[in-house]
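Colleague: Mind having a look at this structure? Questions to follow.
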Amino acid sequence: MPSSKVSVLIPLRNEQRNVGPLLASLKKLTYENLEFILLDDGSVDNTKELLVKEINGDRRFTIIEGKPLPAKWIGKVHACHQLSKEANGEYFLFLDADVRVHPDTVQRSLHAFSKNTGLISGFPQYPLRSFLGHLLVPMQHFVIYLHLPVVLANHTRWAATTAAHGAYMMFRRDAYERIGGHEIVKHSLVEDVHITREIKRHGFYVKLVNNTNTIICHMYETNKEVWDGFSKNLFPGLGRNPFLVFALIIFYLLMFIFPLPLAIYGAITGNLLLMTPLFFTMSIKLSIDLMTRQKWWLFILTPFSVIFMLMLMVYSMYLGLFRRGFTWKGRTYQ
């Protein structure tokens with residue numbers, strides 16, 4: 001029985017540092033029925049030249065030139081929309097340029113699909129380099145596992161219980177086309193979450209998998225990239241709702257920051273019982289970090305990670321409410 005064709009679709013904008021490792025990773029994929037479509041989205045560095053060099057005549061790869069960004073579209077969303085129009089597969093695997101894949105990624109992803117599954121996604125493993133990267137990037141896993149009921153996310157069509165990571169999203173083609181593809185979320189800065197909700201609203205299931213053993217994402221390598229990336233995503237990801245932001249600030253202050261001064265006071269006064277809340281909150285972070293293959297010692301930084309996350313949440317809200325705009329990849333969005 002012939003295997004299903006899978007289209008691997010990757011937008012690239014000023015990704016010259018990632019082209020070589022990305023292409024080397026893709027070429028090691030062991031699934032046979034693949035096509036790779038790469039879109040150069042107006043890069044002003046050597047992305048296009050490096051793509052041609054690294055592909056080196058491999059006929060599985062196609063490079064397309066991105067069209068000018070239309071009004072009211074987000075850059076990455078428009079790039080993904082164009083990629084989907086060129087794809088011939090029964091499954092669409094969207095990857096970011098900073099991703100590195102395990103050779104068996106496609107087979108494992110296909111195996112995760114059941115009859116009514118429209119989308120597979122997951123939060124990858126993150127190599128950490130910068131100071132803010134160590135503090136904030138692993139918090140993506142922490143927030144998802146702390147707040148999202150994964151059983152409801154994977155086994156119901158309730159759109160509110162969704163999560164996805166745009167660096168790795170694999171759609172069944174018919175599900176993708178039924179919702180209208182990326183065009184339906186053309187204005188979204190958190191298109192991964194919003195398109196996932198559309199999949200559920202159209203009667204499909206979404207499966208969130210732990211793919212930290214198959215996908216590595218070199219996300220936000222510098223402090224500035226971390227700051228700009230999270231600033232772009234946090235407030236839009238919370239529905240631009242200031243009341244939700246304030247509620248989360250109170251929750252995290254009480255649950256994950258207040259235990260630190262309480263523990264210090266307990267240590268000074270000899271009341272070791274006051275140190276229990278801090279050990280409890282750190283144990284939550286430790287268990288999630290171990291499960292998602294992060295550095296084990298990051299749990300020690302839990303209160304400081306939360307402090308920086310709340311600072312970024314407030315800053316992101318400021319950008320959104322005062323119409324300062326969210327900047328990423330040389331483009332500014334309102």
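The values are calculated or read from the model by the stated rules, or taken from the named source; none is laboratory data. A quick note: this is a predicted structure, and the numbers were derived from the prediction, not measured. Because the Cβ atoms are built from the backbone with ideal geometry, glycine has one as well, and the counts that use them run over all protein chains shown. The accessibility values were calculated without ligands, DNA or RNA, using every heavy atom of the protein model including side chains. Shrake-Rupley method; radii C 1.70, N 1.55, O 1.52, S 1.80 Å.
Colleague: Taking every DSSP beta bridge that has both residues in the chain, what percent is antiparallel when rounded to the nearest 5?
Modeller: Bridges in the chain that DSSP calls antiparallel: roughly 40 percent.
Colleague: On to the next question. The stretch 14-44: which trypsin sites (Lys or Arg not before Pro) are DSSP loop and have at most 15 other beta-carbon atoms within 10 angstrom?
Modeller: Here the sparse-neighbourhood loop sites are Lys28.
Colleague: May I ask for the net charge around Pro103, where only other residues with Cβ less than 14 Å from the Cβ of Pro103 are counted and Lys, Arg are +1 while Asp, Glu are -1?
Modeller: Spelling it out: positives minus negatives among the neighbours equals +2.
Colleague: Provide the net charge surrounding Ala24, with neighbours chosen by a C-beta distance below 11 Å and charges set as Lys +1, Arg +1, Asp -1, Glu -1.
Modeller: Residues near Ala24 contribute +2 overall.
Colleague: Let me ask something else about it. Chymotrypsin sites (Phe, Trp or Tyr not before Pro) within the stretch 160-237: which are DSSP loop residues with at most 15 other Cβ atoms inside 10 Å?
Modeller: Filter output for the stretch 160-237: empty list.
Colleague: Which of the aspartates and glutamates could be linked to Lys85 by a straight reach, that is with a Cα gap under 14 Å, when you skip same-chain ones fewer than 8 residues away?
Modeller: Glu35, Glu65, Asp174, Glu177, Glu183
Colleague: Then there is this: How about Lys115: which lysines have a C-alpha closer than 21 Å to its C-alpha, ignoring those fewer than 8 places off in the same chain?
Modeller: Lys5, Lys200, Lys207
Colleague: Show me the three semi-axes of the equivalent ellipsoid for the stretch 4-70, from the C-alpha gyration tensor (sqrt of 5 times each eigenvalue), largest first, rounded to whole Å.
Modeller: Values for the stretch 4-70, descending: 21, 14, 9 Å.
Colleague: Then there is this: Set the bar at 32 Å for Cα to Cα. Now go through Lys28/Lys67; Lys53/Lys224; Lys186/Lys285 and name every pair that lies beyond it.
Modeller: Flagged as over cut-off: Lys186/Lys285.
Colleague: Let me ask something else. How big is the charge dipole of the stretch 22-171 about its Cα centre, in debye rounded to the nearest 20, if each Lys and Arg gets +1 on its Cβ and each Asp and Glu gets -1 on its Cβ?
Modeller: 320
Colleague: Let me ask something else. What are the chymotrypsin sites (Phe, Trp or Tyr not before Pro) within the stretch 238-334 that DSSP puts in a loop, where the Cβ has at most 11 other Cβ atoms within 10 Å?
Modeller: Sites meeting the loop and neighbour criteria: Phe322.
Colleague: So, one more: Mind checking which aspartates and glutamates have their C-alpha under 13 Å from Lys232, skipping anything on the same chain fewer than 8 residues away?
Modeller: Glu191
Colleague: With a sphere of radius 9 Å drawn around the Cβ of Ala159, what net charge do the other residues whose Cβ falls strictly inside it have (Lys, Arg +1; Asp, Glu -1)?
Modeller: Surrounding charge for Ala159 is +3.
Colleague: Another question about this same structure. At 1.4 Å probe size, with every protein chain present, just tell me what the per residue accessible area of the chain comes to in Å².
Modeller: 46
Colleague: Given the -39500 (n - 2.57) contribution per DSSP H run of 4+ residues, what per-residue ellipticity at 222 nm results for the chain, rounded to the nearest 500 deg cm²/dmol?
Modeller: -14000 deg cm²/dmol
Colleague: Any idea what log10 I(q)/I(0) is at q = 0.27, 0.32, 0.33 Å⁻¹ for the stretch 220-266, Debye with uniform C-alpha scatterers and no solvent?
Modeller: Debye output, listed in q order: -0.88, -0.99, -1.01.
Colleague: Also, quick follow-up: Springs between alpha-carbon pairs under 10 angstrom, Gaussian network model over the chain: which of Val185, Val99, Val245 fluctuates most?
Modeller: In the Gaussian network model the winner is Val245.
Colleague: Based on the mean of other Cβ atoms within 10 Å per residue, sort peptides 84-90, 197-203, 62-68 so the most packed one is first.
Modeller: 197-203, 84-90, 62-68
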